[in-house]
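> Sharing a structure here in structure tokens format.
Coordinate-derived values only; no laboratory data. Computed from a predicted structure; not experimentally measured. Ideal geometry is used to build each Cβ from the backbone, glycine not excepted, and the neighbour counts take in all protein chains shown.
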Amino acid sequence: MPELPEFETSRRGVLAVGAGGAVVASTPAIAAPSAVTRGAVPSSQVAFRVNGKAQALRLDPRTTLLDALREHLHLTGTKKGCDHGQCGACTVIVNGQRINSCLSLALQHEGDEITTIEGLGTPDNLHPMQAAFVKHDGFQCGYCTPGQICSAVGVLDEIRQGIPSHVQADISQAPQVTNMELRERMSGNICRCGAYSNIAEAMAEVAGAKA
Amino acid sequence: MKFETPAQTNPIDRLKVVGQAHDRIDGPLKTSGLATYAYEHHREVPNVAYGYVVGSAVGKGRIKSLGLDEARRAPGVVTIVTAQDAGPLGKGDRNTAKLLGGPEVDHYHQAVAVVVAETFEQARAAAALVRVDYERGDGRFDLDELLKTAPLTGGDSQEGSGSSPEHRVGKFEEAFGAAPVKLDQRYTTPDQSHAMMEPHATIAAWQGDELTLWTSNQMIAWNKADMAKTLGIPKEKVRLISPYVGGGFGGKLFLRADALMAALAARAAKRPVKLALQRPLMANNTTHRPATRQRVRIGATKDGTITAIAHESGSGDLENGGPETAVNQTELLYAGANRLTSMRLAVLDLPEGNAMRAPGEAPGMMALEIAIDEMAEQLGMDPIAFRIKNDTQVDPKTPTRKFSERNLIRCMQEGAERFGWDKRRAKPAQVRDGRWLVGMGVAAAFRNHVSRPSGARVRLGRDGVVTVESDMTDIGTGSYTIMAQTAAEMMGLPLDKVVVKLGDSSFPASAGSGGQWGAANATSGVYAACVKLREAVAQRLGFNAADVAFEDGQVRSGNRALPLTQAAQDGELLGEDRIEFGKLGKTFQQSTFGAHFVEVGVDAYTGVTRVRRMLAVCAAGRILNPQTARSQVIGAMTMGVGGALMEELAVDTRFGFFVNHDLAGYEVPVHADIPHQEVIFLDEADATANPLKAKGVGELGLCGVGAAVANAIYNATGVRVRDYPITLEKHLERLPSIA
């Protein structure tokens, strides 16, 4: 097979440099091709708590927190919509903060406290936000829903903590639970079914505000 | 059950459960993360290997050589499948392009290999080591250029929207030439991507020669057949399971590469394989809504009577593909003695164009309903009054053929009142709110109703619970809930005594989810099955089936009443049937109607448009569950805002691909873009449609929204933009002066 030499070297170059700790993607280093070895997959240990339960996993270091949850712990409530931090379907709460779990590696979470949708509530004992989503029909296909709910819980907490946002008129004042404030803060969670109007109402109800 | 004459009074008309707003019965599972989507059936399928699809790097060409050695040696790799070793493959009846490319490549990101490894990380890394040497071919990628010589081509979306190459009534050219008031304008709509949240995903497992697929698909029966045909195996050997579908919008109507590549990979790996199309592959690997170039001509008398109307559209698709049927609604929506519609189809080597939510009408109405707005302005008429003046209660081509129900005028009038349309200033660019130029727009909504056969099985268990089984899918549409409501109404039970099982090809074949036909037809299938079950119950209890009533858990006849559960105490009872349709859909034109109202603000300084208010009024037969139906409509309105303001697959006409192929580049509406939305359903029941007297709303809600936004922008700014999406650079320089 005819190789594509420039592509070959640049890929390895970036990898080699990357391993050294400094990535300079625009100037690929020239490295001699080395045989890829079969079999040996490096793995590392990580321990964290998920929904209050201690978990210890040995993982390929490339494993994202999202895939650790879904593929290793079989907590598939956390969804993979894009794997690139563009859609928010993978939102979970780590140490009280919402994050895109596809954008962090599992190994970065040693000792962390992770809450997923399964940890918020169960069908028989729904979290108030989950119940409000059902009541206001804040979802359709349901795929972005766990991320929306985790994000919604996070948003109300951020407003309580006084964390400012882009749409706040005066960032020196405490943010208020307004419709625009909720919508702005939720905009990292895409819902292609278009349940936004209902989600805003569900969140407003939980926050005790008007949508 | 064959539905051949208009429905009479039947048990559904009690409307104790049907027609009532109910929370989704699948809501607690979906909101707690326990609903299992295609990639998530780890309990049913242990020991899976992971697949990762490699997409073609050229838009058109030929694979000269494949270098797989390095990938094969990569850690964890189980197998690699390409066209070289996949064995002979057919093509599904509903696919235009083959799903596995090689040696010929038909479009960019067409699958050319699947790499299977022990873990996702290994499969992904090894996929990056697959070396494909292409010979790039000359592709046809420029729609505008190719439409210059494209032939007239008819087509049918298979979703209730079809048109002949050229459709004429009267003498359009003469009448248009003679009309005292004329409009002749061109409009463009871009390629759009479904961009559903759940990627196409499948787990495939072989047991001997039998294949089971846990997949994400709207049309189970179609895809069972097309998978069998592609693999060259009997249909009976294929089973599809798709209990939850994370959005489709037409993008999951057909067999796609995730399912085929998983099946081939699992066969080669000799163990189950799961894979999902990676997000950046989806826009080019799968289907999209094709771009259109449209021309609308309207001629009218000075009092606003349309005398001539023409709508022509051009679109492109791969060889043997079809046109975007953007002119269909113009045959039916407005009166006018002289009419012309036509379509041209260019052959393009871009990815496969196909159905996306309201194929045909969605882009067609985006153009037509701007044209109507423009014409009304020329005539000095209110755009609602102009539409009302040109309403028709019959098919303009065949005046003896009536619409079964047509309440467009009421939608317009009630919407106008609710929205405060009287406050709209007819002259554009008159209203300011701080930095915002404010305007209102309206558009009609129109979409045909489609009747399709649909089957279901209902069981009455010893515990008194009724279980509904059907291969129907719930893609967010509320199928679980409305099918449960139907069975509950028919059997005289509360909703919590009904269980619904969907999306399994071992259940009776249903209408499936597409063309806004799902709700009306799938529930009619449940109705038919319940009629059978009621007969079985009556017989078991010794009643005369003709005069029994099922209510409050009791079966009554005259002054005799027995509990329903008694019928099943000696064993489960079963009813199975399917609804089939006679000619009522031909005798009558069955369509759905609505009116969309939008208020926008356009930033006087930056040209950015923000939607401030939205209202839809819909007349679509009986609304089975106002809560889930409303969600369908607000979701469609949201997609309409996307089409109006931001959605566009950018075509690289040099190399032949959609450039912005992920959710960062292909912009869809987010929370901040969408205000509170209002929906009103007119009280309507269409007895010609089916026993439920229901039609669809899921696509109606999209048709016209884009134009209503565009018309509102014009009303705000006085600048008419006819090329979607209406992004700020298209009107910024022409906006009213700021001072």
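> Can you give the helix-only mean residue ellipticity at 222 nm for chain B, where every DSSP H stretch with n ≥ 4 adds -39500 (n - 2.57) and the sum goes over all residues, rounded to the nearest 500 deg cm²/dmol?
Numbers: 17 runs with 178 residues, N = 739.
Value at 222 nm, helices only: -7000 deg cm²/dmol.
> Taking every DSSP beta bridge that has both residues in the protein assembly as shown, what percent is antiparallel when rounded to the nearest 5? All intermediate terms of the calculation are to be shown ahead of the outcome.
Values: 119 of 152 bridges.
In the protein assembly as shown, DSSP labels about 80 percent of beta bridges as antiparallel.
> Another question, then. Can you tell me the order of B:100-112, B:477-489, B:529-541 when each peptide is scored by its average per-residue count of other Cβ atoms within 10 angstrom, highest first? Don't skip to the end; give the middle numbers.
Values: B:100-112: 23.1, B:477-489: 28.0, B:529-541: 21.0.
Ranking, from highest mean packing down: B:477-489, B:100-112, B:529-541.
> Right, next: Take peptide B:477-484, look around each residue's Cβ out to 10 angstrom, count Cβ atoms belonging to other protein chains, and average those counts.
On the way: counts 3, 2, 0, 0, 0, 0, 0, 0.
So the per-residue partner count for this stretch is 1.
> May I ask which residue of B:TYR714, B:SER591, B:VAL296 lies farthest towards the positive end of the charge dipole of chain B, with charges of +1 (Lys, Arg) and -1 (Asp, Glu) on Cβ and the Cα centre as origin?
B:SER591
> I've got another one for you. Over chain B, what is the relative contact order in percent, taking alpha-carbon pairs closer than 8 angstrom and at least six residues apart? The partial results should precede the final answer.
Values: 2028 pairs, mean separation 129.8, N = 739.
Result for chain B is 18 percent.
> Could you sort the peptides B:349-360, B:516-527, B:391-402, B:160-171 by per-residue average Cβ neighbour count (10 Å cutoff), highest mean leading? Numbers along the way, then the final one.
Numbers: B:349-360: 27.7, B:516-527: 30.6, B:391-402: 14.2, B:160-171: 18.7.
Descending mean neighbour count gives B:516-527, B:349-360, B:160-171, B:391-402.
> Using a ≥ b ≥ c from the Cα gyration tensor of the protein assembly as shown (square roots of the eigenvalues), is it rounded, prolate or oblate, where a/c under 1.5 gives rounded and otherwise the larger of a/b and b/c decides, a/b for prolate? Present the calculation step by step, with values, prior to reporting the outcome.
On the way: a/c = 1.39, a/b = 1.15, b/c = 1.21.
Rounded shape, in that the Cα axes give a/c under 1.5.
> Given the options B:SER242, B:VAL600, B:VAL442, identify the residue whose Cα lies farthest towards the positive end of the charge dipole of chain B (+1 on Cβ of Lys, Arg; -1 on Cβ of Asp, Glu).
Of B:SER242, B:VAL600, B:VAL442, it is B:VAL442.
> Counting pairs of alpha carbon atoms under 8 Å apart in space and at least six apart in sequence, what relative contact order in percent does the range B:244-399 give? Let's see the in-between values first.
Numbers: 248 pairs, mean separation 36.0, N = 156.
It rounds to 23 percent for the range B:244-399.
> Considering the zone a paramagnetic label at B:PHE655 would reach in this model (a point 7 Å from Cα along the Cα-to-Cβ line), which residues of the range B:288-308 have amide N under 17 Å from it?
No residue qualifies, since no backbone N sits under 17 Å from the label point.
> According to the square roots a ≥ b ≥ c of the eigenvalues of the Cα gyration tensor, what is the shape class of the range B:486-628, taking rounded for a/c under 1.5, prolate for a/b larger than b/c otherwise, and oblate for the remainder?
In terms of gyration-tensor shape, prolate.
> Kindly work out what percent of the DSSP beta bridges joining two residues of chain B are antiparallel, to the nearest 5.
Working: 104 of 135 bridges.
So the antiparallel bridges amount to about 75 percent of the total.
> I need to check one value: relative contact order of the range B:13-123, counting alpha carbon pairs closer than 8 Å and at least 6 residues apart, in percent. Working shown, then result.
Working: 139 pairs, mean separation 41.3, N = 111.
So the answer I get is 37 percent.
> Computed over the Cα atoms of the range B:457-543, what is the ratio Rg over Rh, Rh following Kirkwood?
Working: Rg = 12.6 Å, Rh = 12.9 Å.
Taking Rg over the Kirkwood Rh, I get 0.98.
> B:ARG62 to B:LYS730: FRET efficiency via 1/(1 + (r/R0)^6), r the Cβ-Cβ distance, R0 45 Å, to the nearest 0.05? Spell out each step's value before the answer.
Details: r = 39 Å, r/R0 = 0.87.
Plugging the Cβ-Cβ distance into 1/(1 + (r/R0)^6) gives 0.70.
> Please list, in chain and number order, the residues 5+ apart from B:ARG401 or on another chain whose amide H is under 5 Å from its amide H, with Hs placed from the backbone.
Sorted by chain and number, the residues that satisfy this are B:ASP395.
> Taking 23 Å as the cut-off for C-alpha to C-alpha distance, list the pairs among B:LYS586/B:LYS693; B:LYS64/B:LYS224; B:LYS2/B:LYS532; B:LYS182/B:LYS586 that go past it.
Details: B:LYS586/B:LYS693 16 Å; B:LYS64/B:LYS224 33 Å; B:LYS2/B:LYS532 13 Å; B:LYS182/B:LYS586 33 Å.
The pairs that break the limit, which is 23 Å between Cα atoms, are B:LYS64/B:LYS224; B:LYS182/B:LYS586.
> Across peptide B:195-205, what mean number of C-beta atoms from other chains lies inside 10 Å of a residue's C-beta? Please report the intermediate quantities before stating the final value.
On the way: counts 5, 6, 19, 9, 6, 0, 1, 0, 0, 0, 0.
Shielding by partners across B:195-205 averages 4.
> Further question: By the gyration tensor of its Cα atoms, with a ≥ b ≥ c the square roots of the eigenvalues, what is the shape of chain B: rounded for a/c under 1.5, prolate for a/b over b/c, or oblate? Kindly include the intermediate steps, with their values, before the conclusion.
Values: a/c = 1.80, a/b = 1.07, b/c = 1.68.
Note, shape of chain B comes out oblate.
> How would you rank B:220-228, B:142-150, B:649-657, highest first, on the average number of other Cβ atoms within 10 Å across their residues?
Details: B:220-228: 23.0, B:142-150: 15.3, B:649-657: 18.3.
Answer by packing, highest mean first, reads B:220-228, B:649-657, B:142-150.
> Given H placed on each backbone N at 1.01 Å, which residues far from B:HIS22 in sequence or on other chains put an amide H within less than 5 Å of it?
B:GLN627, B:THR628
> Taking 10 °C and 1.306 mPa s as the conditions, I'd like the Stokes-Einstein D for the range A:128-207 in µm²/s, using the Kirkwood hydrodynamic radius from alpha carbon pairs.
Working: Rh = 12.6 Å.
The diffusion coefficient I find is 126 µm²/s.
> At 4 °C and a viscosity of 1.567 mPa s, what translational diffusion coefficient does Stokes-Einstein give for the range B:599-642, taking Rh as the Kirkwood radius over Cα pairs? Give it in µm²/s as a whole number.
Numbers: Rh = 12.4 Å.
Once the numbers are plugged in, D ends up at 105 µm²/s.
> Mind checking A:185-191 for the average number of partner chain beta-carbons within 10 Å of each residue's beta-carbon?
The mean count of partner-chain Cβ atoms within 10 Å per residue comes to 5.
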